[in-house]
Every structure is written in structure tokens, then in C-alpha cells.
1. Please arrange THR96, THR132, THR33 by counting, for each residue, the other beta carbons lying within 10 Å of its beta carbon, fewest first.
2. Extension gain VAL195-ILE68, at 0.36 nm per residue separation less the Cα-Cα distance, in nm?
3. What FRET efficiency do you get for TYR153 and ASN59 if R0 is 25 Å and r is their Cβ-Cβ distance, rounded to the nearest 0.05?
4. Quickly work out the GLN36-to-GLU120 label distance, labels modelled 7 Å from Cα along the C-beta direction, and quote it in nm with one decimal.
5. I'd like the FRET efficiency for LYS139 and GLN112, computed as 1/(1 + (r/R0)^6) with the beta carbon distance as r and R0 of 45 Å, rounded to 0.05.
6. Go through LYS92/LYS169; LYS43/LYS187; LYS77/LYS187; LYS43/LYS77; LYS43/LYS130; LYS92/LYS189 and tell me which ones have a Cα-Cα distance over 19 Å in this structure.
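FYI, it's all coordinate maths here, none of it is from the lab. These figures come from a predicted structure and were not determined experimentally. Cβ coordinates were reconstructed from backbone atoms using ideal geometry, including for glycine residues, and neighbour counts include every protein chain displayed.
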Amino acid sequence: MFLAAVLTVNVASAQILFIGSAGFDYAGGSRTTGGQTIEMQSKIAFQFSPRVGFVLTENFAVGAGFGISTSTTKTPKNDPSFYPLLPLEDIKQTSTVLSALVFTRAKLVGAQRLTLFLDEVVIVGGVNLKTTGASNPIKGTIFAIEVIPVLAYNFNERLNIAASSDIMKLGFRSTSTVNKGAQDEVKTKTNSFGVGYNSNNLLDGSSLLRVGLTIKFKTGQVATN
């Protein structure tokens, strides 16, 4: 889940957006059979992404920012989902993704207190993936184009709350990695295009739900969105 705070001010007749978002996700569990409880695979992730944007018209804004995300997946040595090839020890995969991005936000429709936006984001980043027992991490690059609808509820002209989900995300993603830990250098490139949320991809950076809080402060005359 994401919690985002947006501060809007007026500088030299230009409306500027300062956007900060942070997210924390966890998935895990256990299975009990015959009175024996077995830990299953778990995943924990943290993401942070500040952005700066400019409102060009009442219905359109552009901006840029950067992001950092970390994700760790732990597979216990007794995880039954890997039967009969059970791991000999706990396996941890930790990924770190650093990215730069540009974005646009377009207002599609508004009805009373509800407003529907469409965010278009272009992302370029680098990734570092470390696995237990591997001598060297896997490194690579990411390029992505994403389109995500955002639904906002307006409490008043200065405050609204918005939600989006990667279940509704339409996007293209290309990932290139190099594994120098193997006997021979292994290069991998994957391309994906489609709609939806992938909870199993450590390099995806998806979130099942994002919730954003938008606060507007006026200095002088600010256009109403």
C-alpha cells in the first residue's frame, strides 16, 4: 500500500506539485498439517518516490522524479511448494531498484466530488539482485512505460484522497540483466506487455494498492483543479 502526500504552491504564476510517496508491502504465511506448522515463502518490500510537477492547464500536468525500491523474498528450506526439490537452506533474494521517471497526469472526468485521472509514466532504472549463496549479484537495467487510472475523492478544494491499483495498469517493461557469478557470463533480456499486477516479480516494483493524499496551499491566485 502506498501513502502519498502532495503539496501545491504558486510560484511566479506557475502551479507546482511536490509529490512524495512511500509504500510497504508484505506477503507470507504458514501451513499446518497433522499438528506441524511449516513456514511458507514470504516477501517484504519498501518503495519511495518523490516527484515534482507543473500544472500546465486545469486538466493536465507534467513532471519528473526518482524512485527507490527494495524487496526481499525468503524461501524456507522446508517450503512444501518446492517438493520434491526442497531447498537445503533458507534462500533469500534481495533486489534494489533505483530509477528516474517522467510523468503526465490528465484529468479525464469529474462528477461532484469524484475525479478520474490518468497517469502516464516513463521509467528508466538500474537493478541489483542478490541471492543467498551467489558469489556476485545480478545487475541490470529496466525501461518501462505505464498507464494507470487514478480515482480521487475531493473533500474540498484543498484536500482530496486518491487511489490506484496496478491491477488496472497497462504497461510495457523491458529488463536486461547480467549474471557474472556463473562460470560463463549469462545475459538475459525479458520484455512484457499487458494489464495487471505481478506479485512474484522482484524487479517489477508493482503495488496492489496505492492511496494518495493531496493537499493544496495557495500563495496568491492559484487555478482550481
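1. Details: THR96 16, THR132 13, THR33 8.
So the ranking, lowest neighbour count to highest, is THR33, THR132, THR96.
2. On the way: separation 127, 0.36 × 127 = 45.72 nm, distance 2.29 nm.
Extra length available between VAL195 and ILE68 comes to 43.4 nm.
3. Working: r = 18 Å, r/R0 = 0.71.
It comes out at approximately 0.90.
4. 5.6
5. Working: r = 50 Å, r/R0 = 1.10.
Using R0 = 45 Å, I get an efficiency of 0.35.
6. Values: LYS92/LYS169 28 Å; LYS43/LYS187 26 Å; LYS77/LYS187 28 Å; LYS43/LYS77 15 Å; LYS43/LYS130 14 Å; LYS92/LYS189 23 Å.
In this structure, LYS92/LYS169; LYS43/LYS187; LYS77/LYS187; LYS92/LYS189 lie more than 19 Å apart at Cα.
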